[in-house]
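> Structure incoming, see below.
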Amino acid sequence: MVIQMKMKRIMVTILSFALVGAVVAGCGESQQARQDTQQDVPQSISQETQQDTIEDKTGEETVEKETAEETVQTIAGYEDNFAVDGKAAKEFAEKVKDAAANKDLEALAELTAFPVYVGLLDVDVVETKEDFLKLGSENVFTEALLKSIEMADIEDLQPSMAGFSISDGSSANINFGVVDGVLAINGINY
């Protein structure tokens, strides 16, 4: 149902933009009039969520219209690690911290992009989720990794080309970044 609502929002937004484009193109106004209209639109969209409520064509249901920036992000995902805002990075890091605190290997696997680097002795790259789960919680969640993740400050995660690192500053950490447009774990170091 959540996916249906998101898809409905996306479709409403796309149709809204298409309708605006058709009206502007079909009015027969001069080029100057179209430029004046376009200048009324804010040149940059703030990172804060701007929502309007609109009715769909049946008039029975209301949905939220997302900003153009959010729609592009929803459809195409993130372009790279530098396109990820601090709030999204923190929310993902919280999910990783929760999985580690609960020693929930299944939850950690759900947050991971495969193949993934896992720096355990005799392990290098783990190709599949199934192979990752076979490593076992007791092996993946070492005492050093758990301590580092628990003590990590995720309030102001800074992106790099490699992504984001959840760590207390020690060598044990979990790294995540943009993989195929979404945030995912891309390395576990010990």
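None of the figures in this text is laboratory data; all of them are computed from the coordinates on show. Everything quoted here is computed from the prediction, not taken from an experiment. Using ideal geometry, Cβ is built from the backbone for each residue, glycine included, and neighbour counts are taken over all protein chains shown.
> Given points 7 Å out from each Cα along the Cα-Cβ axis, report the Leu111 to Val123 separation in nanometres with one decimal.
If labels sit at Leu111 and Val123, their model points lie 1.6 nm apart.
> Further question: How much net charge surrounds Pro159 when only the other residues with a Cβ under 14 Å from the Cβ of Pro159 are counted, with Lys and Arg +1 and Asp and Glu -1? Display every interim value, and only then the final one.
On the way: positive: Lys87, Lys90; negative: Glu79, Asp80, Asp85, Asp156.
Summing Lys and Arg as +1 and Asp and Glu as -1 gives -2.
> Quick one: which of 123-132, 100-109 comes out on top by average Cβ neighbours within 10 Å, and what's the full order, highest first? Intermediate values should be presented prior to the final figure.
Values: 123-132: 14.3, 100-109: 16.4.
Those peptides, ordered most packed to least, come out 100-109, 123-132.
> Okay, moving on. Would you order Asp168, Asp180 from fewest to most other beta-carbon atoms within 10 Å of each residue's own beta-carbon?
Listed from fewest to most nearby Cβ atoms, that is Asp180, Asp168.
> Continuing with the same structure: Report Rg (one decimal) and Dmax (nearest whole number) for segment 81-189, counting Cα atoms only, units Å.
That works out to 12.7, 36 Å for Rg and Dmax.
> Can you tell me the dipole magnitude for segment 108-190 around its Cα centre, using point charges on the Cβ only (Lys, Arg +1; Asp, Glu -1), in Debye to the nearest 20? All intermediate terms of the calculation are to be shown ahead of the outcome.
Working: 3 positive and 14 negative charges, 18 e Å.
Using Cβ point charges on Lys, Arg, Asp and Glu, segment 108-190 gives about 80 debye.
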